[in-house]
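Notes for the one structure printed next.
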Amino acid sequence: MIKLSIPGFKEDITLHHLVLDFNGTLAVDGILIKGVKPLLTKLSKQINVHVFTGDTLGTAREQLKGMLCKITLLTKTNQAEQKRKHLQKLKPATCISIGNGRNDRFMLKDSAIGIVLVQKEGGAAEAIMAADIVCTDILTALEIVSKPSRLMATLRN
């Protein structure tokens, strides 16, 4: 659990869940980005890690093997709504989400804090507009999550 209070943004946030997209967020071309595994392993000791993915390339389970995270596979249609539905089960006010695609827009908007990435796949404009924070790489985003003072510095009024 991560507790924080961000003046002028949201007071008394208790985060229990980190929700992530896979392709374009944790992985490029289906391969986990170098450096992600140790950061996610560290974070999984503080917060429950979830990966919501359509797994376009069929590599998510293998790439995340041995990591403390719950993988939720989505069907090909209406992935944005599927992610929203799964997020609702976790209680969005207790979630911080990271994604890059158009299908992440509701997840980013509904979470207590949404972080959008603009990496090699790019970032969908609708996802960027739905997010609270924009990062240029997943390692920076995960470091921000692991250090709440960075979240406060970015989001405070």
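Some observations on this one:
- Portion, in percent, of the accessible area of the chain that falls on carbon or sulfur, probe 1.4 Å: 53
- Probing with 1.4 Å while keeping every protein chain in the model, the per residue accessible area of the stretch 1-140 equals 49 Å².
- Every helix of 4 or more DSSP H residues in the chain counts as -39500 (n - 2.57), and over all residues that averages to -9000 deg cm²/dmol at 222 nm.
- Within the shell of other residues whose beta carbon sits under 12 angstrom from the beta carbon of THR59, the net charge comes to -1, with Lys and Arg scored +1 and Asp and Glu -1.
- Length-normalised contact order for the chain - Cα pairs under 8 Å, 6+ apart - percent: 24
- Exposure check, 1.4 Å probe, all protein chains in place: HIS86 carries approximately 50 Å² of accessible surface.
- Potential extension, ALA125-HIS16 segment - 0.36 nm per residue separation minus Cα distance: 36.5 nm
The values are calculated or read from the model by the stated rules, or taken from the named source; none is laboratory data. Computed from a prediction, not measured in an experiment: that's the story for all the values here. In this analysis, Cβ positions are derived from the backbone assuming ideal geometry, glycine residues included, and neighbour counts consider all displayed protein chains. Heads up: the accessible areas ignore ligands, DNA and RNA and are worked out on the full protein's heavy atoms, side chains in. Shrake-Rupley method; radii C 1.70, N 1.55, O 1.52, S 1.80 Å.
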